[in-house]
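The values are calculated or read from the model by the stated rules, or taken from the named source; none is laboratory data. Just so it is clear, the model here is predicted, and its values are computed rather than measured. No Cβ is skipped: glycine too gets one built from the backbone with ideal geometry, and neighbour counts run over all protein chains shown.
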Amino acid sequence: MQRPFSAGTQTVPPGGFVRLHAHAESEEVLHFIRGKGKAVVEGRDYPIEPGMTVFLGPQQSHTLINDGTEDLHWAWFFLPSGLETFFKAIGRQRSPGDDAPDAFERPENVSAIEASTGFSPVTPKRLG
């Protein structure tokens, strides 16, 4: 690859979601491993289940919703890299095998963190 990319995994519990957002200049690929839910991309609903892959281009608004009964788990690939910087800045340190941290508030400077890691402001069209 000509540019650096980042990769990781993410898990959202039943009833949880990744809030509506977009990335200014980045491309994102999500590959779903476990659970069921829906992706809302540019206001349109797409069911997601294990084995499905979603490509998100720059400026495409999206949210991921776990409306299933088990954890929704996926692998993500982000080009160019940078998403890992966002998670480091807002999250809690974990090692493989650690329990998920208790719920916590986003930092007060989350907008500045988002701006510095390639997120774009989004006006919701429809959340599904």
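Those residues that are modelled with pLDDT of 70 or more and part of a loop (DSSP other than H, G, I, E, B), I need them from the range 71-91; list them, please.
If the condition is that a residue be modelled with pLDDT of 70 or more and part of a loop (DSSP other than H, G, I, E, B), then D71, P80, G91 are the ones that fit.
Output the residues belonging to the range 102-111 that are modelled with pLDDT of 75 or more and surrounded by 10 or more Cβ atoms within 10 Å (Cβ to Cβ).
Result: N109, single match.
Which one of these does R126 not meet: (1) at pLDDT below 70; (2) within 28 Å of R3 (Cβ to Cβ)?
(2)
So, of the residues in the range 10-26 that are among the polar types (S, T, N, Q) and assigned to a strand (DSSP E or B), which turns out to be nearest to Q60 (Cα to Cα)?
That would be Q10.
Tally time: how many residues in the range 18-42 are of a type outside the set (D, E, K, R) and at pLDDT 95 or above?
Final tally of qualifying residues: 10.
Identify the residue in the range 7-17 that is under 20 Å from F78 (Cα atoms) and surrounded by fewer than 17 Cβ atoms within 10 Å (Cβ to Cβ) and, among all such residues, is nearest to the chain's Cα centre (by Cα).
Across the range 7-17, the extreme among qualifying residues is Q10.
Among the residues of the range 27-44, which ones are among the basic types (K, R) and part of a strand (DSSP E or B)?
If the condition is that a residue be among the basic types (K, R) and part of a strand (DSSP E or B), then R34, K38, R44 are the ones that fit.
Regarding the range 45-61, can at least one residue be identified that is acidic (D, E), assigned to a loop (DSSP other than H, G, I, E, B), out of contact with any Cys (no Cβ under 8 Å at 6 or more places or on another chain) and modelled with pLDDT of 95 or more?
Yes, the range 45-61 contains at least one residue that is acidic (D, E), assigned to a loop (DSSP other than H, G, I, E, B), out of contact with any Cys (no Cβ under 8 Å at 6 or more places or on another chain) and modelled with pLDDT of 95 or more.
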